[in-house]
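A quick write-up on the structure given underneath.
The values are calculated or read from the model by the stated rules, or taken from the named source; none is laboratory data. On a predicted model such as this, the values are computed, not experimentally measured, just so you know. Accessible surface areas use protein heavy atoms only, side chains included; no ligands, DNA or RNA. Shrake-Rupley method; radii C 1.70, N 1.55, O 1.52, S 1.80 Å.
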Amino acid sequence: MKIKNLLCFVIATVVFSLAYAHANDLSKNIFVSNAWVQAMPPSQTTTAAYMTITNNSNKETVLISASSEIAGATEIHQMSDMNGMMHMAMSPNVHIPALGKVTLQPGGFHIMLIDLKKPLNKGDIVPITLRFQDGGSTIVNAQVSTGS
């Protein structure tokens, strides 16, 4: 019985280690730079975060969600031109090509921070967790600014 329990423990440890290593593999290949959050007047309860996500792996990765403790909701959005009018819509994900990058910027993809729990001041740091389709995640510290 002891050998069976030991064997189960060893198998569970190996499986967990492999899953953990796979999830952390992503952080070795994904780099986030120029992260910032748009400064807004204190009365505003919504703002946006921008950044460049670089994928140094040989495989496409997909950003599927983001979260931040500073906001009641965090969503991926995209701006697009529809018949000469700018339109913003929620996006289910952002594809980051293998050995490529995507810039989340005003007028394009961005992360909406909705229902802010407190006013953000220029210079504040906002932690944002990015989650990817393969189960990996990374935390970005974005500074509140009036522009990049």
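A few comments on the model shown:
- Shape call, segment 30-145: gyration tensor on alpha carbons, a/c limit 1.5: oblate
- Within the accessible area of segment 30-145, the carbon and sulfur atoms contribute 51%, probe 1.4 Å, all protein chains present.
- For segment 30-145, accessible area per residue (1.4 Å probe, heavy atoms of protein chains only), Å²: 53
- The residues Ile125, Ile96, sorted by heavy-atom accessible surface at 1.4 Å with ligands and nucleic acids left out, run Ile125, Ile96 from largest to smallest.
- Gain on full stretching of the segment that runs from Gln143 to Ile64 - 0.36 nm per residue minus C-alpha separation: 26.2 nm
- Full-stretch length increase - Ala73, Thr45 - with 0.36 nm per residue and alpha-carbon distance subtracted: 9.0 nm
- Anisotropy class assigned to segment 45-93 is oblate, per the alpha carbon gyration tensor with a/c at or over the 1.5 cut-off and a/b no larger than b/c.
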